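Bear in mind these aren't lab numbers, they're just calculated from the coordinates by the rules spelled out. This is a predicted model, so every value here is computed, not measured.
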Amino acid sequence: MASYQNVKSRVVLRLNGGIGENGKPVIKTVPLGLVRGDIGAEDLHQVSQALGGLLELPVLEVLKQDTDGLVA
């Protein structure tokens, strides 16, 4: 039976960079690698809040991106 196995995970913090000259929002991203694939949502929320407190720009969104491989 085939299944998926986590190969790598990363977190991307999307930051509010203000409004650009064209009047559209400016979104900055901060990618963070070497994240455990099995991190819980609450743990990730706490870590991202702590990291967000160290940044100059406010965090708009936290994305967890997983890359899974197919194992036969």
Query raised in the report: Once amide H atoms are built 1.01 Å from N in the peptide plane, which residues 5 or more positions from L60, or in another chain, come under 5 Å H to H?
Result: R14, L15, N16
Query raised in the report: Gain in length, V26 to L70, computed as 0.36 nm per residue apart minus the alpha-carbon separation, to one decimal in nm?
Result: 12.2 nm
Report summary line: Amide H neighbours of K8 at under 5 Å, excluding residues fewer than 5 places away on the same chain, with H built from the backbone geometry, are T67
Query raised in the report: When the Karplus curve 6.51 cos²θ - 1.76 cosθ + 1.60 is applied with θ = phi - 60°, which whole-Hz ³J(HN,Hα) does each residue of the range 34-49 get, with x for Gly and Pro?
Result: 6, 9, 5, x, 9, 5, x, 4, 5, 5, 5, 4, 5, 5, 5, 5
Query raised in the report: Per-residue ellipticity at 222 nm for the chain, helices alone: DSSP H runs ≥ 4 residues times -39500 (n - 2.57), over residue total, nearest 500 deg cm²/dmol?
Result: -6500 deg cm²/dmol
Requested in this report: Report the far tail of the P(r) of the chain, meaning the percent of Cα-Cα pairs longer than 17 Å.
Outcome: 52 percent
